[in-house]
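The structure appears below as structure tokens.
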Amino acid sequence: MPAPTLPLDSASATSPESAAHAIEFQDVHLAFEENEVLRGISFHLPFGETKALFGVAGSGKSTILKLALGLFKPDSGRIMVLGNDVTQTPEKDLFVLRARIGMVFQESALFDSLTVRENVAYRLIEEHGFEDTTIEDRVREALRFVELEQAIDKFPSELSGGMRRRVAIARAIITQPEVILYDSPTGGLDPVTSNTIVELIMKQRDVYKTSSLLVTHRLQDAFTMATHQFDKQTNQTRTLPRGQYCDVPMSFLILRDGKVIFDGDVRELTHSKDEYIREYIS
Amino acid sequence: MELISPTEFAKQKVLAVQDYTWMTVHSVTNLFRKPIYFADIVQQADLIGVGSLPIVVLSGFFTGAVLAVQSANTLQRFGSITLIGQLVSLSMVRELGPVLTGLMVAGRNASGMASELGSMVVTEQIDAMRALGTDPMKKLVAPRVVSTVFMLFFLTVLSDFVGLAGGLVVSKLLLNLDARQYWSNAWQALVFQDVFMGLVKPVLFGFIIATVGCFYGMTARGGTQGVGRATTQAVVAASVMIVVVDLFVTQFLMNVLSFK
């Protein structure tokens, strides 16, 4: 399948030597009033890997992403992100850490009073120290990456759902963060647009080696990512031979009743004997 | 509406007061911590101050005018119609100017802040802002607090002035009083304590309007219905707080400034 052009220089993800994993959850519990959403969640995301999170609606997938960003605090447990314990870090210090993480929200969460240019440039403008021409160049680069350069002067309300999602991706990648969190990036989109977004996520994984958590309801998206690889030379995705599926840094995590019931690669998933998992992937 | 136990209700109220206090403290301390969003402060000052000019001018003018009409009847009975300038001046500067301007701005801007911030909360824009490394308390709340306090002060001064002008129009056109005598009485009646009291109140009211509006916006839950609810609650709470605080501040300042 053809892929968008690759305007950005290859930027290698920096992984702090002190951190063993990009993200690590250790026995995390969280309840909203009476409703216990997470009951002892433990998993880790190695550097450079993309982990797809599955589970029925309300199983706490999006909550895990917000916990990783420090937007929520767990009731108990520990969450390490890029070597920092976000459960113990005060909010003012989390802003520094968040500059190293990108997040694509479920409904895009673009600032509706700002244009696409201002939305994508938001982080650069906030960080100061960047010249206007540099900001403009990087915004255009990021928008070219998601094939939306022509929409630079539009407002979010003038864009379709898929375009908004792609702008959100551009906003998340503009600073080339070390970790990206995708919250249902293909939810509610048509198959063609979904495929484009899956390709962008694959490109981010295979070219920039970005670690990421991907919340999705679409199993086929994650299987596509596990069985395809983005080839920088041809600027296209290619299907991997059957024996090489485990060569791509892609894993799956399934939640049920607030607990992790599966954490492994595509081969382990397809060979799982668990009845619930077999039913889930069938 | 879901019924909750009295204990739960009390807990929720205490928690709301705690959250409001936390937010007000942070809105003040954020003024001394970088980054300071000057552009946002100016933008909000324009929206709050310049945008509120028509309603403040109109309400101030007609309040002064109706005050003159109402008091003329009483003063005439005692043969003191010439004191109308004094009465309008003291009433407007000490009480009606700050309170009415506060209520007008509360109705217009506390609702605006609650709905704007509430919409940002329910569409995850506030979360996105935090995720992008920006503190919404600094970026959204602090500029609104500074701008409202600053602009309400000047709006009150303007309201006092147009209120006096409204009284003058009534005195001249309806009561056939001498305009110079009206101004002279109105001016000479004011002492430092009156002006001080009239200028302290808008500072407090501005702080109440902005913090209450932002608080209800930032704590909005439940989609568009929740935003609507937050907007209504913000106006009601800000208005009630203004009139309640007005009583206590008036009494306090009267004691401190030794009013005779």
(message) Which three extents, in angstrom, do the Cα atoms of the range A:110-176 have along their principal axes, listed largest first?
(response) 33, 23, 17
(request) Have a look at the DSSP beta bridges in the protein assembly as shown and tell me what percent are antiparallel, nearest 5. (result) 60
(request) Arrange the following residues from fewest to most other Cβ atoms within 10 Å of their Cβ: A:128, A:44. (result) A:128, A:44
(message) Over all directions, how big on average is the projection of the convex hull of the alpha-carbon atoms in chain A, in square nanometres?
(response) 15.3
(request) Choose one answer from B:157, B:50, B:236: the residue with the largest mean-square fluctuation in a GNM of chain B with alpha-carbon springs under 10 Å. (result) B:50
(message) Let me check against my output: what whole-number percent is the relative contact order of the range B:6-256, with C-alpha pairs under 8 Å and at least 6 apart?
(response) 33
(request) Sort out for me the Cα centre separation of the range A:29-60 from the range B:170-215, rounded to whole Å. (result) 59
(request) Fewest Cβ neighbours within 10 Å first, please rank B:57, A:104, B:145 accordingly. (result) B:57, B:145, A:104
(request) Only helical DSSP H runs with n ≥ 4 go in: add -39500 (n - 2.57) per run for the protein assembly as shown, normalise by residue count and round the 222 nm mean residue ellipticity to 500 deg cm²/dmol. (result) -17500 deg cm²/dmol
(request) Kindly express, to the nearest 10 degrees and within the range 0 to 90, the angle between helix B:111-122's C-alpha long axis and the longest C-alpha principal axis of chain B. (result) 0
(message) Cα atoms only: what Rg and Dmax, in Å, come out for the range A:182-282?
(response) 13.8, 43
(request) For the protein assembly as shown, build the charge dipole from Cβ charges (+1 Lys, Arg; -1 Asp, Glu) around the Cα centre, then report which of B:162, A:200, A:113 sits farthest towards its positive end. (result) B:162
(request) Would you mind pulling out the separation of the Cα centroids of the range A:104-124 and the range A:215-281, in Å? (result) 30
(message) Between B:208, B:242, B:81, where does the largest GNM mean-square fluctuation fall for chain B, given springs only between Cα atoms within less than 10 Å?
(response) B:81
(message) Could you tell me which residue out of B:224, A:82, B:97 lies farthest along the dipole of the protein assembly as shown toward its positive end? Charges go on the beta carbon: Lys and Arg +1, Asp and Glu -1, centred on the Cα centre.
(response) B:97
(message) Let me understand the range B:136-260 better: what is its radius of gyration from the alpha carbons, and its Dmax, in angstrom?
(response) 19.0, 59
(message) Between residue B:50 and residue A:219, what is the label-point separation in nm under the 7 Å Cα-to-beta-carbon projection?
(response) 5.9
(request) With just the Cα atoms of the range B:6-256, tell me how far they stretch along each of the three principal axes, in Å, largest first. (result) 67, 45, 36
(message) Test of understanding: in a Gaussian network model of chain A with alpha carbons linked when under 10 Å, which of A:211, A:62, A:76 would top the mean-square fluctuation ranking?
(response) A:76
(request) Note down the Stokes-Einstein diffusion coefficient of the range A:29-135 in µm²/s, whole number, using a Kirkwood radius over alpha carbon pairs, 20 °C, and 1.002 mPa s. (result) 133
(message) For q values of 0.10, 0.12 Å⁻¹, compute log₁₀ I(q)/I(0) with the Debye formula on a Cα-only model of the protein assembly as shown, without solvent.
(response) -0.86, -1.11
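Values quoted throughout were computed directly from the atomic coordinates according to the rules given, and no laboratory measurement underlies them. This is a predicted model, so every value here is computed, not measured. Glycine gets a Cβ as well: all are built from the backbone with ideal geometry, and neighbour counts include every protein chain shown.
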